[in-house]
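Only one structure is covered here, and it is reproduced in the block below.
The values are calculated or read from the model by the stated rules, or taken from the named source; none is laboratory data. Keep in mind that what you see is a predicted model, and the values were worked out from it rather than measured. Glycine gets a Cβ as well: all are built from the backbone with ideal geometry, and neighbour counts include every protein chain shown.
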């Protein structure tokens with residue numbers, strides 16, 4: 001699996017990590033309602049026994065093993081035309097390689 005964190009996301013992550021007791025970036029799916037598609041998101045969290053850990057530059061990205069086996073590529077970005085002042089997490093589903 002390849003994980004890309006853009007330079008703008010790294011700058012904002014560094015600010016978040018400075019003020020957080022958790023130092024790991026957890027990737028997860030979020031589905032606000034049954035009428036909306038699931039999206040990917042992240043939170044700062046602690047490592048759990050069923051997590052896979054990925055080292056990306058100086059960051060630890062953690063993903064539950066059940067989700068991790070379905071993902072191929074992940075990108076974490078910050079800002080942009082459609083997402084000013086917010087993070088975006090995108091991922092390619094490999095659908096049980």
Query - Yes/no for residue 38 being modelled with pLDDT under 95, closer than 17 Å to residue 91 by Cβ and touching a strand residue (DSSP E or B) at 6+ places or on another chain (Cβ under 6 Å) - result: yes
Report summary line: Residue hits (segment 19-29; modelled with pLDDT of 95 or more and exposed (fewer than 11 other Cβ atoms within 10 Å of the Cβ)) are 21
Requested in this report: Being in contact with a helix residue (DSSP H, G or I) (Cβ under 7 Å, 6 or more places away or on another chain) and surrounded by fewer than 17 Cβ atoms within 10 Å (Cβ to Cβ) is the filter here, so list the residues in segment 58-86 that pass it.
Outcome: 79
